[in-house]
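Worksheet for the structure shown next.
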Amino acid sequence: MRIDYQRLAPEDTEALVEFLLADPWPFHAGVQNADAIRQRVASGVYDDADNRTFWQLADGERAGLIRLTDLTDPTPMFDLRISSKWRGRGLGKAAVRWLTEYLFNEFPEIRRVEGQTRRDNAAMRAVFRACAYVKEAHYREAWPGPDGSVHDCIAYAILRRDWETGTTTPVAWDDEPARP
Ligand SMILES: CC(C)(COP(=O)(O)OP(=O)(O)OC[C@H]1O[C@@H](n2cnc3c(N)ncnc32)[C@H](O)[C@@H]1OP(=O)(O)O)[C@@H](O)C(=O)NCCC(=O)NCCS
């Protein structure tokens with residue numbers, strides 16, 4: 001399968017509407033309707049100083065959407081969606097490896113990249129692990145579900161120096177100060 005990445009262009013708005021409305025996206029909050037999506041595009045949440053969005057093209061077809069956020073912050077974050085038709089074929093892992101390389105190359109000052117997902121999103125958690133992201137935080141009951149349920153939120157990150165050297169710096173979990 002040939003995989004390409006293409007920055008979202010202003011003329012892609014209707015393709016974006018079609019892509020986002022084609023799947024239910026249970027792990028994403030927010031109302032999904034065409035006008036709301038068009039308004040979000042117009043407001044710059046997909047492309048401005050803080051945000052960039054890319055299509056992931058599989059054999060030329062729009063299979064995935066990668067949104068990079070907090071780009072003016074020392075820790076950029078990302079959101080990833082693979083169309084249900086294309087899931088389970090390695091595109092999620094390819095997307096995270098690509099966006100990690102893109103961010104570290106494009107923004108020399110950033111030291112880390114972070115992503116968050118819902119605790120029960122087993123596929124995304126597998127993608128983070130496969131791409132050498134390390135679990136850094138477990139936010140209990142931080143993610144309200146659309147049906148009134150509440151979920152834990154899990155944060156993963158990769159450090160530039162680990163990415164460059166292929167190493168893994170563990171989190172210093174046992175750092176509570178000793179009693180005086
Ligand atoms: C999460 C998502 C991006 C993964 O993309 P994908 O192309 O299916 O991922 P890949 O094929 O590269 O890898 C999927 C991994 O998850 C694993 N996986 C898939 N479903 C799983 C499940 N229900 N339980 C456990 N692991 C699962 C696969 O085995 C694979 O891991 P492996 O390489 O260790 O075998 C995609 O499913 C998606 O877009 N989901 C809806 C949107 C979403 O949840 N986005 C993340 C928001 S933070």
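The values are calculated or read from the model by the stated rules, or taken from the named source; none is laboratory data. Remember, predicted model here, so these are calculated numbers, not experimental data. Note: ideal-geometry Cβ built from the backbone for every residue, glycine included; neighbour counts use all protein chains shown. Keep in mind that these areas ignore ligands, DNA and RNA; they rest on the heavy atoms of the full protein, side chains included. Shrake-Rupley method; radii C 1.70, N 1.55, O 1.52, S 1.80 Å.
Relative to the current alpha-carbon distance between Ala49 and Ile110, full extension at 0.36 nm per residue lengthens the span by 20.5 nm. For region 143-173, chymotrypsin sites (Phe, Trp or Tyr not before Pro) meeting the loop criterion (DSSP other than H, G, I, E, B) and having at most 14 other Cβ atoms within 10 Å: Trp173. Show that you can apply the helix-only estimate: for the chain, add -39,500 (n - 2.57) for every DSSP H stretch of four or more residues, divide by all residues, and state [θ] at 222 nm to the nearest 500. Result for the chain: -8000 deg cm²/dmol, rounded to the nearest 500. The base-10 log of I(q)/I(0) for region 1-87, evaluated at q = 0.14, 0.19 Å⁻¹, reads -0.48, -0.90 [Debye formula, identical scatterers on Cα atoms, solvent excluded].
For trypsin sites (Lys or Arg not before Pro), the sites in region 1-101 that DSSP calls loop and that have at most 10 other Cβ atoms within 10 Å are Arg2. Orientation-averaged projection of region 42-111 equals 5.2 nm² [convex hull of Cα atoms, one quarter of hull surface area].
Counting only protein heavy atoms and a probe of 1.4 Å, the accessible surface of region 1-112 is 48% carbon and sulfur. Surface listing: Ser149, Ser43 arranged by accessible area from highest to lowest gives Ser43, Ser149, probe 1.4 Å.
Could you give the Stokes-Einstein D for the chain in µm² per second, using the C-alpha Kirkwood radius, 4 °C, 1.567 mPa s?
The estimated diffusion coefficient comes to 74 µm²/s.
Would you work out the relative contact order for the chain, in percent, from Cα pairs under 8 angstrom that are 6 or more residues apart?
Worked out over the chain, it gives 16 percent.
Of the GluC sites (Glu not before Pro) in region 31-126, the ones in a loop by DSSP (not H, G, I, E or B) with at most 14 other beta carbons within 10 Å are Glu109.
The ellipsoid that matches the Cα gyration tensor of region 68-162 has semi-axes, each √(5λ) in whole angstrom, of 23, 17, 12, with the longest given first.
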